[in-house]
């Protein structure tokens with residue numbers, strides 16, 4: 001489990017492939033390091049994506065692992081583009097580094113499974129809902145302009161769900177508590193419920209609501225997201241957000257626990273159709289046209 005700023009997606013991808021190639025040659029870290037004349041620490045940092053690798057150094061490792069010449073250009077391309085900038089770099093002066101790392105991981109993910117027990121996930125939030133959440137999270141420590149920049153980033157992230165070509169697949173289990181928590185005005189909540197219904201109709205989005213009646217469950221510790229990527233050698237990662245930092249879980253054993261927890265959560269949650277029906281009721285109850293029952 002790694003805290004703070006995580007490695008870029010491409011660096012993680014390259015690191016995973018280098019670990020795989022070393023394992024295929026049945027070499028230990030110490031043996032590989034000795035063969036190329038490096039310290040064990042250097043090889044370890046490269047394989048854990050803590051540092052990048054130069055083209056000459058990459059060639060030395062690939063020579064050691066006797067990789068076919070035809071397979072090398074793809075890995076060299078990964079090394080060259082490991083620092084490639086994305087749209088989020090335009091906001092680098094206002095985004096915490098760990099948040100920027102998460103955005104990059106999210107942007108290249110193929111499938112995300114998320115459990116949210118406090119708030120609606122950022123990819124599902126309306127502009128009004130997001131503004132209230134961000135303003136509260138920053139605790140008046142940032143200017144209104146900074147709040148608006150964060151809102152703009154959140155809205156831009158949502159294009160992942162809506163793009164025509166290869167939209168991200170998203171399976172969300174949302175605790176009912178997150179849906180009934182009042183964020184801003186009644187109008188903001190009405191708009192948020194309506195947006196959830198619209199997203200639930202998309203082929204690439206599955207939304208399940210975990211009812212309060214389900215009681216205790218495996219993820220009482222909080223929110224997490226499991227991100228899977230398109231490349232077979234790009235390892236799955238679990239993202240866990242805390243108040244002051246973020247954690248990236250990549251250990252196989254811990255990954256298994258999070259995956260198992262998500263499977264339990266979706267089994268406890270209402271099915272997609274029943275979840276939509278519940279949200280539809282929330283839309284009706286929050287409608288400004290609802291007659292007064294007093």
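Summary table
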{"read-out": "Restricting the range 174-188 to residues that are within 20 Å of residue 114 (Cβ to Cβ) and over 22 Å from the mean Cα position of the chain (by Cα), the residue that is surrounded by the fewest Cβ atoms within 10 Å (Cβ to Cβ)", "value": "180"}
{"read-out": "Boolean, residue 260 is surrounded by 18 or more Cβ atoms within 10 Å (Cβ to Cβ) and at pLDDT 90 or above", "value": "no"}
{"read-out": "Any hit, the range 205-215, residues being within 30 Å of residue 18 (Cβ to Cβ) and either crowded, with 19+ Cβ neighbours inside 10 Å or out of contact with any strand residue (DSSP E or B) (no Cβ under 6 Å at 6 or more places or on another chain) (or both)", "value": "no"}
{"read-out": "Residue count for the range 131-162, restricted to those that are within 21 Å of residue 240 (Cβ to Cβ) and either assigned by TED's automatic domain parsing to the domain that holds residue 240 or touching a residue at least 24 places away in the same chain (Cβ under 8 Å) (or both)", "value": "6"}
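Per-residue answers, yes or no, for (1) within 17 Å of residue 160 (Cβ to Cβ); (2) loosely packed, with under 14 Cβ neighbours inside 10 Å:
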{"residue": "50", "(1), (2)": "no, no"}
{"residue": "54", "(1), (2)": "no, yes"}
{"residue": "61", "(1), (2)": "no, no"}
{"residue": "64", "(1), (2)": "no, no"}
{"residue": "72", "(1), (2)": "no, no"}
{"residue": "77", "(1), (2)": "no, yes"}
{"residue": "86", "(1), (2)": "yes, yes"}
{"residue": "96", "(1), (2)": "no, yes"}
{"residue": "101", "(1), (2)": "yes, no"}
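Condition check ((1) at pLDDT 85 or above; (2) outside any loop (DSSP other than H, G, I, E, B); (3) more than 19 Å from the chain's Cα centre (by Cα); (4) assigned by TED's automatic domain parsing to the domain that holds residue 10) across all residues:
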position: 199; (1), (2), (3), (4): yes, yes, no, no
position: 213; (1), (2), (3), (4): yes, yes, yes, no
position: 219; (1), (2), (3), (4): no, no, no, no
position: 226; (1), (2), (3), (4): yes, yes, no, no
position: 232; (1), (2), (3), (4): no, no, no, no
position: 243; (1), (2), (3), (4): no, no, no, no
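The values are calculated or read from the model by the stated rules, or taken from the named source; none is laboratory data. Bear in mind that the values here come from a model prediction, so they are computed numbers and not experimental data. Here the Cβ is made from the backbone with ideal geometry for all residues, glycine too, and neighbour counts use every protein chain on show.
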